[in-house]
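Working notes, beginning with the structure itself.
The values are calculated or read from the model by the stated rules, or taken from the named source; none is laboratory data. Owing to the predicted nature of the structure, the values given are computational and were not obtained by experimental measurement. Every residue, glycine among them, receives a Cβ derived from its backbone with ideal geometry; neighbour counts consider all protein chains shown.
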Amino acid sequence: MLFGDYRLETGKALPLGARLTGRGVNFSLFSRNATAVTLVLFENTRPDSPWQELRLERAKNKTGDLWHCHVPGLGAGALYLYRVEGPYNPERGFRFNANKHLIDPYARALTDPDNWDLGACMGYDPGAPALDLSFSYQIDRHTQPRCIVIDDDEFDWQGDTPLNYPLRFSVLYETHVRGLTKNPNSGVKHPGTFRGVIEKIPYLKTLGITSLELLPIQEFNEREQPKSNPRTGQALMNYWGYSTVAFFAPKGSYASDTGSGAQVREFKEMVRELHKAGIEVILDIVFNHTAEGNERGPTFSFRGLDNTVYYILNENRRYYQNYSGCGNTVNCNHPVVRTFIIDCLRYWVMEMHVDGFRFDLGSILGRDQRGQLMENPPMLERIAEDPILSNTKIIAEAWDAGGAYQVGWFPGGRWAEWNDRYRDELRRYWRGDPQETRHLATRISGSSDLYLRDGRKPFHSINFITSHDGFTLTDLVSYNSKHNEDNGEDNRDGGDSNNSYNYGTEGPVNDPVISRIREQQMKNFFATMMISQGTPMILGGDEIGRTQRGNNNAYCQDNEISWYDWSLLGKNRSLFRFVRELIAFRLRHHGFMRPEFYTGRDGNYNAIPDILWYDEDGETPVWDKLGPCLALRMDGSKADILADKDDNDFFIMFNSSLDPVVFRVMRAPAGKIWVRAVDTSLYSPEDVLLPGFEKPLAAQNRYNVKARSVVILISKEMEHG
């Protein structure tokens, strides 16, 4: 068939999006307030590609609010957009403009958007006095990225299914697809791509993490940033990707194959190979806003399809409510949008085999259509109760830019949450701040103050010290202040409350004393996180000492500031070994992955209380007068009730002071002795000892805990000779 000879058939209203039928493609699009819809087909990806317009007829191509058609003869790889006619009345919230070619919200892949001329797709005339009240007659057909019809059935999954590890047995590793391997010293053949991730699987296996949490991989425009680095003049990029264009579509530039639609195949390959290695895939997903921005932003999809449905608008409907801090807020609890979000999540689970999601600014999913926080948000409940997602990890960033803060209160039943209380209070404890030791006890025991009251479990607390948003761990112990000058915002961006400390010198040092303190503090953070109840999350690269040179908001730095420097693996091999062995230590011991909170008392299974707290003298702590030292004894009897497993007993000592402290060590269980497994004050390999090689304490009733260190003792059977 010659291009341009395509014709329309009635088609079906469901499913939404573009689906292969065996003899063509069925298209379906939602728009309640449109007066007409035109499907635009393109012969190829070139900007000057020939095109054909097929106008849908309301009488035969519309069912309810769904516009649909079937085009015989089309197949996988077909390229398309929509033009949608309707009222243009911004003060009533309507911004239809048929001169703008629109992306299908259900599109499963796009042609390259990175050289996108956003100026051409403004729905208003940027030169008019009234700006967004004006109307643009500029046609953007040749500048718009195009939707690609994908055949999801052609891929050979080789029997793969999502791994869906129980959350409590997981160790999360947050990373960026490009940043992981983009550096020339990464040693991979396909740097900065999904295949580059595959090439790093042996490293991830050696490290021992269970789950890879990826910063946004849904399609976004890397070049939407108008700023440049004031020091180098280099153009700044949208590196993190929190500005989604198409929620069903993997990012094209993360594929090594530049062929049309290859990004879908390569993403699936990455998931399949990670699963073969026993590693889950969790996606950071951004349903709180889109890249269309505020009233002066571009019109490329949702705004031109039905602005009043997809976004939360102000009382003056010309303007957008901005609970995201990014110009607009998705109307998540509108029934149509709820369906869209569920369809999207199901797609990533069913067709792409992902194991979970982290919801950026998740509190927005709990706002109603006026922007008010709801007590029982239908969107959050539907995600939590959806039968397809029942084994899928759902993790909330339980706050938003509109003032919502719901850590410990996030509705919807089974949600896990990023626990920023854990992050901040452990940072302050190890910095040596006064009155933080009692908070340390609460956080390492699972944050029951946050999660016990609504029936959730310790593992619903995602425990982290660092994440993409803020300092790396190396920078946390190397800088007192942020250094974001390269972002082009006069160092005004990024958080100021970092709870960091440089130990005498700002930034890199040659002083071996300061370097030693910094490494020891990093080990303290890792050790504390790995023995805490809850689910640990590591910022990728922290295990090798990655630095961002003090930049705590590297969202626009697609360069060496953000990329892993793999030479650090050799330079900081003792740190890497420590982290690797602590991850393995945690996963060997079910006592640190309990299904229930500590009770602090005898139970049906425990001969002694499951946890006991002490000060350095072996006395019960007076919590409001406690100094920088704390010890705990954890009983391992039936530590995992669900699995009917016992664990060792543990005696763990923390000292954040500047001086060594001799702790009283409580008596080991009958017939057992205490052996040292971890002491962060010691040099590698003595800092963490391999199983079977732990060292018995010379004096079983005391231990000299050095300044700024953690010591972990394990009970073992007494040897008889």
Only one of Ser657, Ser684 is over 33 Å from the mean Cα position of the chain (by Cα), in the same structural domain as Ile608 (by TED's automatic domain parsing) and hydroxyl-bearing (Ser, Thr, Tyr), namely Ser657
Criterion violated by Gly495 - all others in (1) touching a residue at least 40 places away in the same chain (Cβ under 8 Å); (2) under 17 Å from Asp565 (Cβ atoms) satisfied: (2)
Is it the case that some residue within the stretch 143-150 is in the same structural domain as Ser49 (by TED's automatic domain parsing), more than 27 Å from the chain's Cα centre (by Cα), on the phi < 0 side of the Ramachandran plot and surrounded by fewer than 20 Cβ atoms within 10 Å (Cβ to Cβ)? yes
If you go through the stretch 256-275 one residue at a time, do you hit one that is at pLDDT 95 or above, under 22 Å from the mean Cα position of the chain (by Cα) and assigned to a loop (DSSP other than H, G, I, E, B)? no
May I ask you to list the residues in the stretch 192-206 that are outside any helix (DSSP H, G or I) and closer than 18 Å to Val579 by Cβ? Lys200
Scan the stretch 34-73 for residues that are at pLDDT 95 or above, of a type in the set (Ser, Thr, Tyr) and part of a loop (DSSP other than H, G, I, E, B) and jot them down. Thr35
Limited to the stretch 203-233, what total is found for residues that are under 28 Å from Phe585 (Cβ atoms) and exposed (fewer than 14 other Cβ atoms within 10 Å of the Cβ)? 2
Any residue at all in the stretch 275-296 that's under 22 Å from Arg19 (Cβ atoms) and surrounded by fewer than 22 Cβ atoms within 10 Å (Cβ to Cβ)? no
Scan (1) more than 18 Å from Gly77 (Cα to Cα); (2) touching an Asp or Glu at 6+ places or on another chain (Cβ under 6 Å) for the single condition Leu20 breaks and write down its number. (1)
Do we have any residue at all in the stretch 512-533 that's surrounded by fewer than 22 Cβ atoms within 10 Å (Cβ to Cβ), not assigned by TED's automatic domain parsing to the domain that holds Ala631 and not in a helix (DSSP H, G or I)? no
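Collect the residues in the stretch 670-687 that are in contact (Cβ under 8 Å) with a residue 60 or more places away in the chain and either of a type in the set (S, T, N, Q) or surrounded by fewer than 17 Cβ atoms within 10 Å (Cβ to Cβ) (or both), keeping them in residue-number order.
Thr680, Ser681, Tyr683, Ser684, Pro685
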Scanning the stretch 688-708 for residues that are touching a Phe, Trp or Tyr at 6+ places or on another chain (Cβ under 6 Å) and surrounded by 19 or more Cβ atoms within 10 Å (Cβ to Cβ), which turns out nearest to Leu426 (Cα to Cα)? Val705
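So that you can scan it fast, the table gives a plain yes or no per residue for (1) of a type in the set (Ser, Thr, Tyr); (2) under 21 Å from Met522 (Cα atoms):
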{"position": "Ala396", "(1), (2)": "no, no"}
{"position": "Ala401", "(1), (2)": "no, no"}
{"position": "Phe410", "(1), (2)": "no, no"}
{"position": "Ala416", "(1), (2)": "no, no"}
{"position": "Arg427", "(1), (2)": "no, yes"}
{"position": "Thr442", "(1), (2)": "yes, yes"}
{"position": "Pro458", "(1), (2)": "no, no"}
State the number of residues belonging to the stretch 455-485 that are within 24 Å of the chain's Cα centre (by Cα) and part of a helix (DSSP H, G or I). 7
Answer yes or no: is there a residue in the stretch 373-396 that is over 24 Å from His275 (Cβ atoms), touching a Ser or Thr at 6+ places or on another chain (Cβ under 7 Å) and surrounded by fewer than 17 Cβ atoms within 10 Å (Cβ to Cβ). no
Identify, by number, the condition in (1) surrounded by fewer than 18 Cβ atoms within 10 Å (Cβ to Cβ); (2) β-branched (Val, Ile, Thr); (3) assigned by TED's automatic domain parsing to the domain that holds Glu417 that Thr161 doesn't meet. (3)
Looking at Ala76, Ala107, Ala120, which is the one that is of a type in the set (Gly, Ala, Ser) and not in a loop (DSSP other than H, G, I, E, B)? Ala120
By residue number, the members of the stretch 554-580 that are touching a Gly at 6+ places or on another chain (Cβ under 8 Å), free of Cβ contacts under 8 Å to residues at least 60 places away in the same chain, part of a helix (DSSP H, G or I) and not hydrophobic (A, V, I, L, M, F, W, C) are Lys571
Mind listing whichever residues of the stretch 169-191 are under 15 Å from the mean Cα position of the chain (by Cα) and not in a helix (DSSP H, G or I)? Ser170, Val171, Leu172, Tyr173, Glu174, Thr175, His176
Restricting the stretch 675-721 to residues that are of a type in the set (Lys, Arg) and outside any loop (DSSP other than H, G, I, E, B), the residue that is farthest from Phe576 (Cα to Cα): Arg702
Could you check the stretch 329-435 for strands (runs of 3 or more DSSP E) lying wholly inside it with 3 or more residues that are in contact (Cβ under 8 Å) with a residue 40 or more places away in the chain? 356-359, 416-419
Can you tell me which residues in the stretch 80-123 are among the hydrophobic types (A, V, I, L, M, F, W, C) and under 31 Å from the mean Cα position of the chain (by Cα)? Leu81, Leu102, Ile103, Ala107, Ala109, Leu110, Trp116, Leu118, Cys121, Met122
